[in-house]
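The values are calculated or read from the model by the stated rules, or taken from the named source; none is laboratory data. Everything numeric here is computed off the predicted structure, so don't read it as measured data. Please note: Cβ atoms are built from the backbone with ideal geometry, for glycine as well, and neighbour counts cover all protein chains shown.
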Amino acid sequence: MVNQWGIQKFRTALLFITMLAVLAGCSSGNASNESDSASASGQDKVKKIIVGTGTQFPNVCFIDENGKLTGYDVELIREIDKRLPEYEFEFSTMEFKNLLLSLETKKIDLIAHQMEVNEERQAKFLFNDEAYNIFPNKIVVSEKNQDVKSIEDLKGKKLIVGATSNAAVLAEKWNAANGNAIDIVYSGAGEDSNTQIKTGRVDATISTQFAIDYQNKVVDAQLKTVGEALSNSKVYFILNKDEEELKTKIDEALKSIKEDGTLSKLSTEWLGADYTVEE
């Protein structure tokens with residue numbers, strides 16, 4: 001009887017241990033599944049943001065000699081991406097004239113292309129609050145041109161600007177107040193404003209000093225800026241009206257990028273000076 005009782009106790013203990021092992025295995029399996037589920041859930045929380053930009057704006061958004069998209073606005077977005085782990089920013093490049101339509105039709109979520117505020121844009125879209133650049137627009141002419149010293153001197157002459165650009169808005173506004181005295185020409189796809197000025201087909205354009213410095217250095221554009229700045233507007237990112245949360249996050253990131261000096265460094269590196277503060 002003792003031996004049988006001992007055997008029975010041994011079998012009971014063995015069965016108990018086996019049950020514990022099974023339970024432990026199930027528990028471990030559940031923990032693993034929960035971990036995988038949590039991981040998948042974490043991945044789901046990362047929201048992809050499609051950023052519309054261009055490839056033809058020197059120093060700002062362009063393709064370098066290695067075929068890489070880079071420039072001030074591009075590298076700033078990459079810095080914001082580092083600081084907002086809940087988002088993944090991906091670039092979509094296109095002609096400037098297509099950016100606003102692509103945003104309106106939600107093919108992209110954000111525009112990074114030195115965009116200024118104007119009434120038409122503000123009616124349709126959302127601008128972030130934290131400016132990341134001060135954009136001085138000036139009249140640009142050939143270095144050989146001694147006649148044009150301001151926008152007033154362009155009366156009866158041709159001024160070329162990009163369609164839908166803020167330069168176009170500035171030119172149209174001035175023209176409306178001055179009897180349409182300037183012949184405004186809108187550049188199309190593949191047209192080089194620099195060449196048209198250099199060859200005398202048009203007389204001037206509107207751009208910034210940092211862009212002209214780059215063009216003179218890289219392609220010997222032989223251009224110069226003249227007169228006072230037509231505008232000294234602040235530059236922002238543009239989003240759709242329903243992207244308030246994204247706007248808030250971008251502003252938070254921009255504040256930290258400004259405070260630690262990163263924004264000034266990016267401006268100096270790409271634009272040749274610190275254009276992030278008002279003079």
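Here are a few things to note about the model shown:
- Residue within segment 164-173 that is assigned to a strand (DSSP E or B) and in contact with a Lys or Arg (Cβ under 9 Å, 6 or more places away or on another chain) present: no
- Qualifying residue in segment 205-213 (condition: surrounded by fewer than 21 Cβ atoms within 10 Å (Cβ to Cβ), free of Cβ contacts under 8 Å to residues at least 60 places away in the same chain and in contact with an Asp or Glu (Cβ under 8 Å, 6 or more places away or on another chain)): no
- Residue count for segment 244-275, restricted to those that are surrounded by 21 or more Cβ atoms within 10 Å (Cβ to Cβ) and over 15 Å from the mean Cα position of the chain (by Cα): 2
- Out of Glu75, Glu86, sole residue that is within 27 Å of Lys217 (Cα to Cα) and surrounded by fewer than 23 Cβ atoms within 10 Å (Cβ to Cβ): Glu75
- Complete set of residues in segment 97-130 that are crowded, with 21+ Cβ neighbours inside 10 Å and either farther than 26 Å from Glu278 by Cα or not assigned by TED's automatic domain parsing to the domain that holds Asn240 (or both): Leu99, Leu103, Ile108, Asp109
- Which numbered condition Gly156 misses (of (1) touching a residue at least 12 places away in the same chain (Cβ under 8 Å); (2) of a type outside the set (Ser, Thr, Tyr); (3) surrounded by 14 or more Cβ atoms within 10 Å (Cβ to Cβ); (4) outside any strand (DSSP E or B)): (3)
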